[in-house]
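The values are calculated or read from the model by the stated rules, or taken from the named source; none is laboratory data. All figures in this text were calculated on a predicted structure; none of them were measured in a lab. Here the Cβ is made from the backbone with ideal geometry for all residues, glycine too, and neighbour counts use every protein chain on show.
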Amino acid sequence: MNENVIVTQALSKSYRSTEAVRGLNLSVRRNRITAFLGRNGAGKSTTIKMLLGMIRPSAGSGTVLGKQITDAGENCELRKRVAYVAEDKPLYGYMTVEQTVRFVGSFYSDWRADIAKKLLQDYELPLRREVKLLSKGMRTKLALLLAFARRPDLLILDEPSEGLDPVGIEHLLQTLVAHSAEGVSIFFSSHQIAEVERVADQVCILDRGCLLVDASLDHLRQFYRRIDLVFSSLPPEREFRISGVERIQTRGRQMCIFASSNADAVIEHAREWNAVSVEVAPLGLREIFLETVKEN
Amino acid sequence: MFLKLTPASGQPLYLQLMQQIRHAAETGALKDGDQLPGIRTLAEELVVSPNTVAKAYSELEHDGFLELRHGSGAYLCLKRRTRSLADQVHVARRRIRDLIERLRDDGLLDEEIRRVFEAELLYAAEIVRKR
(Lines give C-alpha, C1' and ligand atoms only; values in the text may rest on other atoms or scores of the structure.)
Protein backbone atom coordinates (compact mmCIF):
# COMPACT_ATOMS: atom_id res chain seq x y z
CA MET A 1 0.00 0.00 0.00
CA ASN A 2 1.12 3.50 -0.78
CA GLU A 3 2.81 5.21 2.17
CA ASN A 4 1.34 8.59 1.35
CA VAL A 5 -2.33 9.51 1.23
CA ILE A 6 -1.72 12.94 -0.28
CA VAL A 7 1.06 13.89 -2.66
CA THR A 8 1.36 17.13 -4.63
CA GLN A 9 3.97 18.25 -7.11
CA ALA A 10 4.50 21.96 -7.68
CA LEU A 11 0.80 22.50 -7.06
CA SER A 12 -0.09 26.14 -7.73
CA LYS A 13 -3.15 28.34 -7.88
CA SER A 14 -3.32 31.97 -8.98
CA TYR A 15 -6.29 34.27 -8.90
CA ARG A 16 -5.58 37.10 -11.35
CA SER A 17 -2.48 38.72 -9.90
CA THR A 18 -2.49 36.85 -6.59
CA GLU A 19 -0.62 33.59 -6.17
CA ALA A 20 -2.61 31.76 -3.50
CA VAL A 21 -0.52 28.58 -3.61
CA ARG A 22 2.99 28.47 -5.06
CA GLY A 23 4.67 25.26 -6.15
CA LEU A 24 3.50 23.19 -3.24
CA ASN A 25 5.22 19.83 -2.76
CA LEU A 26 3.28 18.14 -0.04
CA SER A 27 3.27 14.56 1.13
CA VAL A 28 0.95 13.41 3.86
CA ARG A 29 1.67 9.98 5.34
CA ARG A 30 -0.83 7.22 5.87
CA ASN A 31 -2.09 6.51 9.40
CA ARG A 32 -0.84 9.81 10.71
CA ILE A 33 -2.49 12.86 12.14
CA THR A 34 -1.12 15.73 10.10
CA ALA A 35 -1.79 19.35 10.99
CA PHE A 36 -1.80 22.07 8.37
CA LEU A 37 -0.94 25.44 9.88
CA GLY A 38 -0.81 28.89 8.40
CA ARG A 39 -2.04 32.45 8.87
CA ASN A 40 -5.34 33.60 7.41
CA GLY A 41 -4.97 33.70 3.65
CA ALA A 42 -1.85 31.51 3.64
CA GLY A 43 -3.45 29.18 1.08
CA LYS A 44 -4.66 26.33 3.31
CA SER A 45 -8.27 26.23 2.16
CA THR A 46 -7.26 26.74 -1.47
CA THR A 47 -4.93 23.75 -1.18
CA ILE A 48 -7.61 21.59 0.42
CA LYS A 49 -10.15 22.56 -2.25
CA MET A 50 -7.69 21.64 -5.00
CA LEU A 51 -7.08 18.26 -3.36
CA LEU A 52 -10.79 17.57 -3.44
CA GLY A 53 -11.23 18.75 -7.02
CA MET A 54 -13.38 21.70 -6.01
CA ILE A 55 -11.09 24.19 -7.71
CA ARG A 56 -8.70 23.56 -10.55
CA PRO A 57 -4.96 24.08 -10.03
CA SER A 58 -3.28 26.67 -12.28
CA ALA A 59 -0.23 24.40 -12.47
CA GLY A 60 1.21 21.26 -10.96
CA SER A 61 -0.43 17.98 -10.07
CA GLY A 62 -1.43 15.87 -7.14
CA THR A 63 -2.87 12.59 -5.97
CA VAL A 64 -5.12 11.74 -3.06
CA LEU A 65 -5.24 8.04 -2.13
CA GLY A 66 -3.38 7.43 -5.36
CA LYS A 67 -6.01 9.12 -7.55
CA GLN A 68 -5.27 12.12 -9.76
CA ILE A 69 -7.06 15.14 -8.33
CA THR A 70 -7.61 16.79 -11.72
CA ASP A 71 -9.11 13.71 -13.41
CA ALA A 72 -12.90 13.90 -13.05
CA GLY A 73 -13.42 10.14 -12.94
CA GLU A 74 -10.61 9.46 -10.46
CA ASN A 75 -11.66 12.43 -8.38
CA CYS A 76 -15.12 10.93 -8.01
CA GLU A 77 -13.50 7.68 -6.81
CA LEU A 78 -11.36 9.41 -4.25
CA ARG A 79 -14.21 11.43 -2.81
CA LYS A 80 -16.01 8.21 -1.91
CA ARG A 81 -13.11 7.37 0.37
CA VAL A 82 -12.45 10.84 1.79
CA ALA A 83 -14.62 12.57 4.37
CA TYR A 84 -14.33 16.35 4.34
CA VAL A 85 -15.46 19.14 6.63
CA ALA A 86 -15.37 22.49 4.86
CA GLU A 87 -14.25 25.73 6.44
CA ASP A 88 -17.70 27.38 6.21
CA LYS A 89 -19.54 24.16 7.21
CA PRO A 90 -22.21 24.42 4.49
CA LEU A 91 -25.50 22.75 5.48
CA TYR A 92 -29.12 23.10 4.43
CA GLY A 93 -30.67 25.69 6.73
CA TYR A 94 -34.25 24.55 6.27
CA MET A 95 -33.61 20.96 7.38
CA THR A 96 -33.66 19.90 11.00
CA VAL A 97 -30.67 18.21 12.58
CA GLU A 98 -32.39 14.84 12.35
CA GLN A 99 -33.32 15.32 8.68
CA THR A 100 -29.80 16.42 7.82
CA VAL A 101 -28.27 13.31 9.36
CA ARG A 102 -30.73 11.01 7.57
CA PHE A 103 -30.35 12.90 4.28
CA VAL A 104 -26.55 12.90 4.26
CA GLY A 105 -26.37 9.30 5.51
CA SER A 106 -28.36 8.10 2.53
CA PHE A 107 -25.55 9.12 0.17
CA TYR A 108 -22.81 6.98 1.64
CA SER A 109 -22.28 3.24 1.52
CA ASP A 110 -19.81 3.52 4.40
CA TRP A 111 -22.30 5.33 6.67
CA ARG A 112 -22.28 4.19 10.29
CA ALA A 113 -25.66 4.87 11.85
CA ASP A 114 -24.47 3.69 15.26
CA ILE A 115 -21.73 6.31 15.35
CA ALA A 116 -24.09 9.02 14.11
CA LYS A 117 -26.47 8.16 16.92
CA LYS A 118 -23.75 8.18 19.55
CA LEU A 119 -22.33 11.51 18.39
CA LEU A 120 -25.78 13.10 18.29
CA GLN A 121 -26.02 12.28 21.99
CA ASP A 122 -22.44 13.19 22.86
CA TYR A 123 -22.69 16.52 21.08
CA GLU A 124 -26.10 17.22 22.64
CA LEU A 125 -27.52 18.38 19.35
CA PRO A 126 -31.24 19.28 19.32
CA LEU A 127 -32.76 16.83 16.82
CA ARG A 128 -35.79 18.87 15.89
CA ARG A 129 -34.10 22.24 15.51
CA GLU A 130 -33.64 23.67 12.04
CA VAL A 131 -30.03 24.02 11.01
CA LYS A 132 -30.38 27.76 10.37
CA LEU A 133 -31.25 28.24 14.05
CA LEU A 134 -28.16 26.41 15.34
CA SER A 135 -25.35 28.29 17.04
CA LYS A 136 -21.97 28.38 15.29
CA GLY A 137 -20.57 25.72 17.61
CA MET A 138 -23.55 23.44 17.01
CA ARG A 139 -23.23 23.84 13.25
CA THR A 140 -19.59 22.84 13.52
CA LYS A 141 -20.53 19.80 15.61
CA LEU A 142 -23.15 18.74 13.11
CA ALA A 143 -20.70 19.11 10.21
CA LEU A 144 -18.12 17.06 12.13
CA LEU A 145 -20.69 14.40 12.92
CA LEU A 146 -21.49 14.02 9.23
CA ALA A 147 -17.82 13.33 8.50
CA PHE A 148 -17.12 11.17 11.56
CA ALA A 149 -20.15 8.94 10.96
CA ARG A 150 -18.47 7.50 7.88
CA ARG A 151 -15.61 5.07 7.63
CA PRO A 152 -13.29 6.96 5.27
CA ASP A 153 -9.66 6.18 4.53
CA LEU A 154 -8.83 9.84 4.88
CA LEU A 155 -10.43 12.66 6.85
CA ILE A 156 -9.78 16.20 5.67
CA LEU A 157 -10.91 18.89 8.07
CA ASP A 158 -10.70 22.61 7.41
CA GLU A 159 -10.72 24.47 10.72
CA PRO A 160 -12.64 21.78 12.59
CA SER A 161 -12.52 23.51 15.97
CA GLU A 162 -13.90 26.83 14.81
CA GLY A 163 -16.66 28.04 17.11
CA LEU A 164 -16.25 25.19 19.59
CA ASP A 165 -15.94 25.77 23.32
CA PRO A 166 -13.11 24.05 25.25
CA VAL A 167 -15.30 21.03 26.04
CA GLY A 168 -16.23 20.74 22.38
CA ILE A 169 -12.58 20.99 21.34
CA GLU A 170 -11.59 18.27 23.80
CA HIS A 171 -14.32 16.06 22.44
CA LEU A 172 -13.26 16.74 18.86
CA LEU A 173 -9.68 15.79 19.65
CA GLN A 174 -10.77 12.56 21.31
CA THR A 175 -12.82 11.68 18.25
CA LEU A 176 -9.81 12.39 16.03
CA VAL A 177 -7.63 10.14 18.17
CA ALA A 178 -10.24 7.36 18.09
CA HIS A 179 -10.47 7.55 14.29
CA SER A 180 -6.73 7.54 13.98
CA ALA A 181 -6.58 4.43 16.17
CA GLU A 182 -8.91 2.74 13.70
CA GLY A 183 -6.48 3.46 10.88
CA VAL A 184 -8.03 6.60 9.40
CA SER A 185 -5.46 9.10 8.12
CA ILE A 186 -6.23 12.65 9.19
CA PHE A 187 -5.26 15.96 7.58
CA PHE A 188 -6.60 19.04 9.30
CA SER A 189 -6.00 22.77 9.21
CA SER A 190 -6.15 24.73 12.41
CA HIS A 191 -5.27 27.93 14.22
CA GLN A 192 -5.45 26.22 17.59
CA ILE A 193 -1.78 25.59 18.16
CA ALA A 194 -2.22 24.13 21.63
CA GLU A 195 -4.50 21.38 20.33
CA VAL A 196 -2.28 20.66 17.35
CA GLU A 197 0.68 20.33 19.68
CA ARG A 198 -1.06 17.52 21.53
CA VAL A 199 -2.55 15.31 18.86
CA ALA A 200 -0.57 15.84 15.68
CA ASP A 201 2.19 13.52 14.50
CA GLN A 202 3.26 15.75 11.66
CA VAL A 203 3.08 19.51 11.12
CA CYS A 204 3.06 21.42 7.84
CA ILE A 205 3.35 25.21 7.98
CA LEU A 206 2.20 27.13 4.94
CA ASP A 207 2.88 30.82 4.48
CA ARG A 208 2.10 32.99 1.47
CA GLY A 209 1.37 29.85 -0.53
CA CYS A 210 4.73 28.21 0.24
CA LEU A 211 5.44 25.23 2.47
CA LEU A 212 7.96 26.37 5.08
CA VAL A 213 7.97 23.51 7.55
CA ASP A 214 7.11 19.85 7.03
CA ALA A 215 8.31 17.87 10.03
CA SER A 216 7.22 15.54 12.76
CA LEU A 217 6.42 17.13 16.10
CA ASP A 218 8.99 14.81 17.64
CA HIS A 219 11.58 16.36 15.37
CA LEU A 220 10.49 19.93 16.18
CA ARG A 221 10.58 19.21 19.92
CA GLN A 222 13.98 17.62 19.69
CA PHE A 223 15.82 20.11 17.51
CA TYR A 224 14.25 23.57 17.66
CA ARG A 225 15.99 25.63 20.31
CA ARG A 226 16.26 29.18 21.49
CA ILE A 227 19.74 29.95 22.72
CA ASP A 228 20.36 33.04 24.83
CA LEU A 229 23.94 34.16 25.06
CA VAL A 230 25.67 36.89 27.01
CA PHE A 231 29.23 37.98 26.14
CA SER A 232 31.61 40.40 27.78
CA SER A 233 32.29 41.69 24.27
CA LEU A 234 29.87 40.75 21.54
CA PRO A 235 31.29 38.66 18.67
CA PRO A 236 30.19 39.52 15.12
CA GLU A 237 26.83 38.03 14.17
CA ARG A 238 28.23 36.38 11.07
CA GLU A 239 30.29 34.08 13.30
CA PHE A 240 27.04 32.43 14.32
CA ARG A 241 25.46 32.14 10.91
CA ILE A 242 25.94 28.41 10.70
CA SER A 243 23.65 25.76 9.33
CA GLY A 244 20.50 25.39 11.42
CA VAL A 245 20.56 28.96 12.71
CA GLU A 246 17.39 30.61 11.48
CA ARG A 247 17.56 33.97 13.16
CA ILE A 248 19.93 36.04 15.29
CA GLN A 249 18.98 39.02 17.37
CA THR A 250 21.48 41.12 19.26
CA ARG A 251 20.89 43.69 21.93
CA GLY A 252 23.79 45.20 23.84
CA ARG A 253 26.01 42.28 24.78
CA GLN A 254 23.22 39.76 24.47
CA MET A 255 22.54 37.48 21.56
CA CYS A 256 19.40 35.47 21.01
CA ILE A 257 19.54 32.68 18.46
CA PHE A 258 16.64 30.74 17.00
CA ALA A 259 17.88 27.39 15.68
CA SER A 260 16.02 24.67 13.81
CA SER A 261 18.90 22.24 14.40
CA ASN A 262 22.56 22.19 15.37
CA ALA A 263 22.05 23.85 18.77
CA ASP A 264 25.06 21.93 20.09
CA ALA A 265 27.35 23.55 17.51
CA VAL A 266 26.02 26.98 18.45
CA ILE A 267 26.75 26.26 22.12
CA GLU A 268 30.29 25.06 21.37
CA HIS A 269 30.79 28.18 19.32
CA ALA A 270 29.52 30.38 22.11
CA ARG A 271 31.98 28.77 24.54
CA GLU A 272 34.82 29.41 22.08
CA TRP A 273 33.82 33.07 22.10
CA ASN A 274 33.87 32.99 25.90
CA ALA A 275 30.18 33.47 26.46
CA VAL A 276 29.53 34.55 30.03
CA SER A 277 26.15 32.86 30.04
CA VAL A 278 24.60 30.19 27.82
CA GLU A 279 20.95 29.30 28.17
CA VAL A 280 19.21 26.79 25.94
CA ALA A 281 15.45 26.47 25.92
CA PRO A 282 13.13 24.33 23.84
CA LEU A 283 10.60 26.09 21.64
CA GLY A 284 6.89 25.46 21.74
CA LEU A 285 4.97 25.06 18.51
CA ARG A 286 3.51 28.55 18.93
CA GLU A 287 7.00 30.10 19.00
CA ILE A 288 8.16 27.94 16.11
CA PHE A 289 5.14 29.00 14.09
CA LEU A 290 5.57 32.72 14.86
CA GLU A 291 9.31 32.66 14.19
CA THR A 292 8.86 30.76 10.93
CA VAL A 293 6.20 33.09 9.63
CA LYS A 294 8.15 36.15 10.75
CA GLU A 295 11.25 34.93 8.93
CA ASN A 296 9.29 34.61 5.73
CA MET B 1 -1.13 5.22 37.15
CA PHE B 2 -1.55 8.89 36.30
CA LEU B 3 0.33 10.19 33.31
CA LYS B 4 0.78 13.82 32.37
CA LEU B 5 2.42 14.94 29.16
CA THR B 6 3.81 18.41 28.56
CA PRO B 7 3.44 19.21 24.85
CA ALA B 8 5.50 22.40 24.98
CA SER B 9 8.60 20.85 26.54
CA GLY B 10 11.56 20.14 24.31
CA GLN B 11 11.06 16.42 24.49
CA PRO B 12 9.05 14.16 22.17
CA LEU B 13 5.83 12.99 23.79
CA TYR B 14 6.66 9.31 23.32
CA LEU B 15 9.86 9.83 25.36
CA GLN B 16 7.91 11.60 28.10
CA LEU B 17 5.51 8.69 28.16
CA MET B 18 8.35 6.15 28.36
CA GLN B 19 9.98 8.01 31.23
CA GLN B 20 6.76 8.31 33.19
CA ILE B 21 5.98 4.63 32.84
CA ARG B 22 9.54 3.83 33.92
CA HIS B 23 9.25 6.25 36.79
CA ALA B 24 5.96 4.68 37.88
CA ALA B 25 7.72 1.32 37.95
CA GLU B 26 10.70 2.69 39.86
CA THR B 27 8.55 4.25 42.54
CA GLY B 28 6.49 1.13 42.86
CA ALA B 29 3.28 2.64 41.47
CA LEU B 30 3.46 -0.09 38.84
CA LYS B 31 4.48 -3.63 39.63
CA ASP B 32 5.87 -6.54 37.65
CA GLY B 33 3.14 -8.10 35.53
CA ASP B 34 0.81 -5.10 35.72
CA GLN B 35 -1.23 -4.51 32.61
CA LEU B 36 -1.05 -1.12 30.91
CA PRO B 37 -4.03 0.35 29.04
CA GLY B 38 -4.36 -0.49 25.35
CA ILE B 39 -2.92 1.92 22.80
CA ARG B 40 -6.26 3.32 21.78
CA THR B 41 -7.54 3.65 25.35
CA LEU B 42 -4.44 5.48 26.53
CA ALA B 43 -4.34 7.69 23.43
CA GLU B 44 -7.93 8.75 24.01
CA GLU B 45 -7.33 9.31 27.70
CA LEU B 46 -4.26 11.48 27.14
CA VAL B 47 -5.68 12.94 23.91
CA VAL B 48 -2.50 12.27 21.96
CA SER B 49 -1.94 10.53 18.67
CA PRO B 50 -2.14 6.72 18.93
CA ASN B 51 1.22 6.68 17.15
CA THR B 52 2.75 8.38 20.19
CA VAL B 53 1.56 5.63 22.52
CA ALA B 54 2.45 2.90 20.04
CA LYS B 55 5.99 4.25 19.70
CA ALA B 56 6.46 4.50 23.48
CA TYR B 57 5.20 0.94 23.97
CA SER B 58 7.34 -0.50 21.23
CA GLU B 59 10.46 1.27 22.53
CA LEU B 60 9.74 -0.01 26.05
CA GLU B 61 9.28 -3.48 24.62
CA HIS B 62 12.57 -3.13 22.81
CA ASP B 63 14.22 -2.25 26.12
CA GLY B 64 12.73 -5.36 27.67
CA PHE B 65 10.54 -3.32 29.96
CA LEU B 66 7.20 -4.23 28.49
CA GLU B 67 5.76 -7.33 26.96
CA LEU B 68 3.24 -6.78 24.18
CA ARG B 69 0.86 -9.70 23.83
CA HIS B 70 -1.07 -9.64 20.65
CA GLY B 71 -4.70 -8.80 21.24
CA SER B 72 -4.48 -8.77 25.02
CA GLY B 73 -2.38 -5.71 25.76
CA ALA B 74 0.86 -4.61 27.32
CA TYR B 75 2.36 -6.05 30.49
CA LEU B 76 5.18 -4.68 32.56
CA CYS B 77 8.18 -6.89 33.11
CA LEU B 78 10.57 -5.64 35.74
CA LYS B 79 13.94 -7.25 36.15
CA ARG B 80 16.32 -6.75 39.03
CA ARG B 81 18.02 -3.97 37.14
CA THR B 82 15.06 -1.64 37.58
CA ARG B 83 14.98 -2.29 41.29
CA SER B 84 18.59 -1.28 41.67
CA LEU B 85 17.72 1.73 39.53
CA ALA B 86 15.11 2.66 42.12
CA ASP B 87 17.83 2.64 44.78
CA GLN B 88 20.05 4.77 42.58
CA VAL B 89 17.27 7.30 42.14
CA HIS B 90 16.86 7.37 45.89
CA VAL B 91 20.55 8.14 46.39
CA ALA B 92 20.51 10.71 43.58
CA ARG B 93 17.61 12.52 45.23
CA ARG B 94 19.54 12.87 48.46
CA ARG B 95 22.61 14.16 46.66
CA ILE B 96 20.64 16.71 44.71
CA ARG B 97 18.87 17.85 47.85
CA ASP B 98 22.27 18.47 49.47
CA LEU B 99 23.52 20.31 46.40
CA ILE B 100 20.45 22.52 46.30
CA GLU B 101 20.90 23.34 49.98
CA ARG B 102 24.48 24.41 49.31
CA LEU B 103 23.48 26.56 46.34
CA ARG B 104 20.80 28.23 48.46
CA ASP B 105 23.42 28.92 51.13
CA ASP B 106 25.50 30.54 48.40
CA GLY B 107 22.60 32.91 47.89
CA LEU B 108 21.06 31.53 44.68
CA LEU B 109 17.32 31.76 44.27
CA ASP B 110 15.34 28.61 43.46
CA GLU B 111 14.43 30.00 40.04
CA GLU B 112 18.13 30.54 39.26
CA ILE B 113 18.99 27.05 40.43
CA ARG B 114 16.25 25.59 38.25
CA ARG B 115 17.53 27.49 35.18
CA VAL B 116 21.08 26.30 35.75
CA PHE B 117 19.90 22.70 36.07
CA GLU B 118 17.78 22.89 32.96
CA ALA B 119 20.50 24.57 30.92
CA GLU B 120 23.06 21.95 31.95
CA LEU B 121 20.68 19.06 31.28
CA LEU B 122 19.74 20.40 27.87
CA TYR B 123 23.36 21.10 27.04
CA ALA B 124 24.30 17.55 27.98
CA ALA B 125 21.42 16.22 25.89
CA GLU B 126 22.63 18.14 22.83
CA ILE B 127 26.15 16.79 23.20
CA VAL B 128 24.96 13.21 23.67
CA ARG B 129 22.82 13.52 20.55
CA LYS B 130 25.79 14.74 18.57
CA ARG B 131 27.73 11.61 19.46
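Scanning the stretch A:8-29 for residues that are within 15 Å of the chain's Cα centre (by Cα) and not polar (S, T, N, Q) yields A:L24, A:L26, A:V28, A:R29. The single condition among (1) within 14 Å of chain A (Cβ to nearest Cβ); (2) under 24 Å from A:V177 (Cα atoms); (3) touching a strand residue (DSSP E or B) at 6+ places or on another chain (Cβ under 9 Å) that B:R115 does not meet is (2). Selection of the stretch A:210-238 for residues being more than 11 Å from chain B (Cβ to nearest Cβ) and in contact with a Phe, Trp or Tyr (Cβ under 7 Å, 6 or more places away or on another chain) yields A:F231, A:P235.
Summed over the stretch A:272-292, the residues that are within 12 Å of another protein chain (Cβ to nearest Cβ) and within 14 Å of A:Q254 (Cα to Cα) give a count of 5. Here the condition is being of a type in the set (K, R) and at pLDDT 90 or above; of B:R83, B:R69, B:R22, B:R97, it holds for B:R97 alone.
For every residue, the table says whether it meets (1) touching a helix residue (DSSP H, G or I) at 6+ places or on another chain (Cβ under 6 Å); (2) away from chain A (no Cβ under 12 Å); (3) closer than 30 Å to A:L176 by Cα.
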residue: B:L3; (1), (2), (3): yes, yes, yes
residue: B:G10; (1), (2), (3): yes, no, yes
residue: B:L15; (1), (2), (3): no, no, yes
residue: B:G28; (1), (2), (3): no, yes, no
residue: B:R40; (1), (2), (3): yes, no, yes
residue: B:E44; (1), (2), (3): yes, no, yes
residue: B:N51; (1), (2), (3): no, no, yes
residue: B:F65; (1), (2), (3): no, yes, yes
residue: B:R94; (1), (2), (3): no, yes, no
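In this structure, is B:P12 modelled with pLDDT of 90 or more, farther than 17 Å from A:H219 by Cβ and of a type outside the set (D, E, K, R)? No; evaluated as a whole, the condition is false for this residue. Checking each residue in the stretch A:242-277 for being assigned to a loop (DSSP other than H, G, I, E, B) and within 30 Å of the chain's Cα centre (by Cα) picks out A:I242, A:S243, A:G244, A:S260, A:S261, A:N262. In summary, strands (runs of 3 or more DSSP E) completely within the stretch A:1-107 and bearing 1 or more residues that are within 14 Å of chain B (Cβ to nearest Cβ) occur at A:27-29, A:33-37. In the condition set (1) under 22 Å from A:L290 (Cβ atoms); (2) modelled with pLDDT of 95 or more, A:G41 is compliant with all but (2).
Which of the residues belonging to the stretch A:262-293 are free of Cβ contacts under 8 Å to residues at least 12 places away in the same chain, within 25 Å of B:P7 (Cβ to Cβ) and surrounded by fewer than 17 Cβ atoms within 10 Å (Cβ to Cβ)? Result: A:L290, single match.
Filtering the stretch A:167-189 to residues that are surrounded by fewer than 22 Cβ atoms within 10 Å (Cβ to Cβ) and more than 12 Å from chain B (Cβ to nearest Cβ) leaves A:V167, A:G168.
In the stretch A:70-91, how many residues are touching a helix residue (DSSP H, G or I) at 6+ places or on another chain (Cβ under 6 Å) and buried (at least 17 other Cβ atoms within 10 Å of the Cβ)? The number of residues fulfilling the criteria is 4.
This table checks each residue for (1) of a type in the set (A, V, I, L, M); (2) part of a helix (DSSP H, G or I); (3) more than 22 Å from A:I6 (Cβ to Cβ); (4) under 18 Å from the mean Cα position of the chain (by Cα).
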site	(1), (2), (3), (4)
A:K132	no, yes, yes, no
A:L142	yes, yes, yes, no
A:G168	no, yes, yes, no
A:L173	yes, yes, no, yes
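Considering only residues that are over 16 Å from A:P152 (Cβ atoms) and in contact (Cβ under 8 Å) with a residue 12 or more places away in the chain, look in the stretch A:70-89 and name the one that is nearest to the chain's Cα centre (by Cα). By that ranking, first place goes to A:E87.
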